[in-house]
Amino acid sequence: MGIKMRVICMYLPQYHRFPENDAWWGEGYTEWTAVKRAVPLYKGHAQPKHPYEDWYYDLEKEGVKTLKWQASLAKDYGIYGFCFYHYWFCGKQLMEKPMEILLAHPEINLRYSICWANESFTRTWYGLADQVLMRQEYGVEKDWQRHFTYLLPFFLDKRYMKVGNRPVLHIYRTKDIKHLDKMLACFHKLAKNNGFDGMFIVGGRTAGEEETREGLIDAYYTFEPGYTLKHDFGKLASIEYQSKVLWRTIWNKLFPRKKLERRISIDTIFARIAKREGEEKVYPGLFPKWDNTPRRSYKGLVYEGASPEKFLSCLKRLKEKVEGRKEDFVYINAWNEWGEGAYLEPDKESGFAYLEAVRCAGED
């Protein structure tokens with residue numbers, strides 16, 4: 001029997017109040033704000049979503065309690081670990097408190113890694129992507145050293161994911177970093193100076209431009225459903241989808257009664273993911289469901305027909321692709337992206353069914 005599939009879940013640390021959220025989105029805003037105010041946009045549209053037992057947790061005030069609960073769930077259902085989004089803007093940070101709470105409490109039994117979500121913050125949620133709230137800049141070597149110094153205590157944590165003696169660092173959009181080679185050389189050097197054998201860099205395969213530079217990235221994780229929709233959706237399906245989006249967009253400009261502009265059968269996207277041939281040093285990705293209308297309203301996107309059974313079936317196919325090879329990770333988007341409707345956490349609608357699917361796939 002091959003190596004057991006290791007499931008890693010992306011983790012959003014947005015569930016607490018911080019000054020920038022207050023300024024950008026309104027007093028007291030957290031991700032739960034968007035989740036609670038969601039409404040059905042068409043017949044059969046199941047919104048809003050409600051967390052299990054109505055626990056709208058606060059990752060600052062209830063951080064230790066919440067992380068212990070999440071770690072326990074992850075262990076019980078066969079999840080290997082979490083990948084925390086990290087927002088670093090040349091020294092300025094956002095949403096850092098939950099990860100720092102985790103570091104400060106070694107009793108929280110959770111294996112984890114970090115993903116540098118290196119995008120500018122814009123008003124994309126309101127269809128205003130040209131309005132930049134915080135611009136992503138990369139600086140020079142002294143800035144890279146400062147970044148590594150901040151990350152080092154996490155890398156030294158026994159719970160932190162490593163490949164051999166190399167801490168795993170994910171970078172969401174490597175293509176955006178002009179001097180990636182110099183930055184990573186700096187990181188590797190500093191890692192070796194601190195007792196490691198360098199860094200293990202995992203780049204994101206996303207809806208953005210793909211990385212073409214060779215020799216810099218150790219592996220890639222596939223960020224779904226964005227990667228498949230953008231790069232592997234199929235020509236005919238893409239033309240049909242874009243035509244429908246265009247028609248609904250025109251409708252919304254002409255008439256007051258709005259239509260949800262983007263709707264896709266989840267069967268279509270799961271079929272593409274399941275069919276794709278495995279590639280060396282590429283970790284496949286999956287998502288349980290998707291509905292980002294809590295954030296984007298009628299300009300959102302819903303993958304229709306999602307179910308725990310379909311998620312399980314596709315996850316089993318990915319398991320077949322990774323077991324028995326070194327590239328045995330599978331990335332799930334996400335543990336708790338409630339505003340995008342992409343979450344494994346239990347809710348009132350499905351209970352623990354999606355977590356049960358992960359456990360079932362691992363046990364087969």
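The values are calculated or read from the model by the stated rules, or taken from the named source; none is laboratory data. No experiment lies behind these values; they were computed from the predicted model shown. Every residue, glycine among them, receives a Cβ derived from its backbone with ideal geometry; neighbour counts consider all protein chains shown. Keep in mind that these areas ignore ligands, DNA and RNA; they rest on the heavy atoms of the full protein, side chains included. Shrake-Rupley method; radii C 1.70, N 1.55, O 1.52, S 1.80 Å.
May I have the convex hull volume per residue, in Å³, for the Cα set of region 32-83?
132
Measure nothing fancy, just the Cα-based angle from helix 353-363's long axis to the longest principal axis of the chain, in degrees from 0 to 90, nearest 10.
Result, in degrees: 50.
In region 132-223, which GluC sites (Glu not before Pro) are in a loop and have at most 12 other Cβ atoms within 10 Å, using DSSP for the loop call?
E137, E209, E214
Apply 1/(1 + (r/R0)^6) to the Cβ-Cβ distance of D76 and F255, taking R0 = 35 Å, and write down the FRET efficiency to the nearest 0.05.
The value I calculate is 0.10.
Residue-wise, which Karplus ³J(HN,Hα) couplings in Hz belong to region 216-223, taking 6.51 cos²θ - 1.76 cosθ + 1.60, θ = phi - 60°, and x for glycine or proline?
These are the phi-based 3J(HN,Hα) values: 9, 9, 7, 6, 10, 10, 9, 8 Hz.
Under 1.5 on a/c is rounded, so check that first for region 232-364, then, if it is not, pick prolate when a/b is larger than b/c and oblate when it is not; a ≥ b ≥ c are the square roots of the alpha carbon gyration tensor eigenvalues.
It comes out oblate by the Cα gyration axes.
Please compute, for the alpha-carbon atoms of the chain, the extent along each of the three principal axes and give them in descending order in Å.
Taking the Cα atoms of the chain, the three principal extents are 62, 52, 43 Å.
Using the Kirkwood radius over Cα pairs, work out the Stokes-Einstein diffusion coefficient for region 200-293 at 20 °C and 1.002 mPa s, in µm²/s as a whole number.
Answer from the Stokes-Einstein relation: 141 µm²/s.
Tell me, what HN-Hα J-couplings in whole Hz come from the Karplus equation 6.51 cos²θ - 1.76 cosθ + 1.60 at θ = phi - 60° for each residue of region 341-352, using x for Gly and Pro?
Going residue by residue, I get x, 10, 8, 9, 3, x, 9, 6, 6, 10, x, 9 Hz, with x marking Gly and Pro.
May I ask you to give the solvent-accessible area per residue for region 265-362, in square angstrom, as obtained with a 1.4 angstrom probe?
36
Using only the Cα atoms, work out Rg/Rh for region 1-155, with Rh taken as the Kirkwood radius, to two decimals.
The Rg/Rh ratio comes out at 0.99.
Quantify, in whole percent, the carbon and sulfur part of the accessible surface of the chain (1.4 Å probe; protein heavy atoms only).
For the chain, the apolar C and S fraction of the accessible surface comes to 51 percent.
So between E209 and T33, what do we pick up on full extension, going 0.36 nm a residue minus the alpha carbon distance?
That works out to 60.2 nm of additional length.
So if R0 is 41 Å, what FRET efficiency would K182 and N109 give, r being the distance between their Cβ atoms, rounded to the nearest 0.05?
Efficiency for this residue pair is about 0.65.
Figure the gain on full extension for W24 and K61 (residue separation times 0.36 nm, minus the Cα-Cα span) and round it to one decimal in nm.
This chain segment gains 11.2 nm when fully extended.
How about region 275-364: which GluC sites (Glu not before Pro) there lie in a loop by DSSP and see at most 11 other Cβ atoms within 10 Å?
Sites meeting the loop and neighbour criteria: E277, E280, E349.
Starting from region 262-323, pick out the trypsin sites (Lys or Arg not before Pro) whose DSSP state is loop and whose Cβ has at most 13 other Cβ atoms within 10 Å.
Passing both the DSSP loop test and the Cβ count: K281.
Label-point separation (nm) for D54 and K142, each offset 7 Å from Cα along Cα-to-Cβ?
5.4
Hey, for a label at M134 modelled as a point 7 Å past Cα toward Cβ, could you say which residues of region 48-86 have their backbone N under 16 Å away?
60, 85-86
Just the Cα atoms of region 64-147, one point each, no solvent: what log10 I(q)/I(0) does Debye give at q = 0.21 Å⁻¹?
Here log10 of I(q) over I(0) equals -0.99.
Using a 1.4 angstrom probe, figure out how much accessible area region 76-172 has per residue, in square angstrom, rounded to the nearest whole.
43
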